[in-house]
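What follows is a short report on a single structure.
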């Protein structure tokens, strides 16, 4: 089993497009996560225990880049309403109100996504339902540095380790 190199950063929950949890103008019959889950399960990633929506966690002023995800699914045609997309997933942990929830960083590749783009400082997370969480709440987000790189956009150096954020 792969050893994880966790880094923890404080983030703040922000409002997303509400497409993942839906229904929305883009997908009036369903939320995108609910519709995508069976495709990901067939490809080897079971997300049944995850809430049908994403936590949009701002880590500003930092940004992230998916480098070596645990799962990468290319050209997934999950609906007729949009083009096939590439999705990456990396395990993560969200700590809120003293409780830790295991989840997944959900990363639809912007190069294959037609709309609903996220800021590079927003990490989309699939997690179990978290009672009481709301927009603007602070959370601690733990990410695997072997899979995701965290950096300050104004710095040429990309550091690893908790000291970078202290």
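Where a number appears in this text, it was derived from the coordinates with a stated rule and is not lab data. This is a predicted model, so every value here is computed, not measured. No Cβ is skipped: glycine too gets one built from the backbone with ideal geometry, and neighbour counts run over all protein chains shown.
Ranking 97, 144 by Cβ neighbours within 10 Å, fewest first, what do you get?
Values: 97 10, 144 21.
Ordered from fewest to most neighbouring Cβ atoms within 10 Å, 97, 144 come out as 97, 144.
Would you mind calculating the relative contact order of the range 79-141 from Cα pairs under 8 angstrom and at least 6 residues apart, reporting the percent as a whole number? Can you show the working numbers first?
Details: 82 pairs, mean separation 22.6, N = 63.
This gives 36 percent for the range 79-141.
Label-point separation (nm) for residue 74 and residue 119, each offset 7 Å from Cα along Cα-to-Cβ?
Rounded to a tenth, the inter-label distance reads 3.2 nm.
Starting from 0.36 nm per residue, how many nanometres of slack lie between residue 109 and residue 86 once their C-alpha separation is accounted for? Let's see the in-between values first.
Numbers: separation 23, 0.36 × 23 = 8.28 nm, distance 0.55 nm.
Here the answer is 7.7 nm.
Full-extension gain between residue 137 and residue 102, please, as 0.36 nm times their residue separation minus the C-alpha to C-alpha distance.
Working: separation 35, 0.36 × 35 = 12.60 nm, distance 1.79 nm.
Once the chain is fully extended between residue 137 and residue 102, it gains 10.8 nm.
Measure off 7 Å from each Cα along the Cα-to-Cβ vector at residue 10 and residue 67, then give the distance between these two points in nanometres to one decimal.
Between residue 10 and residue 67, the simple spin-label model gives 2.5 nm.
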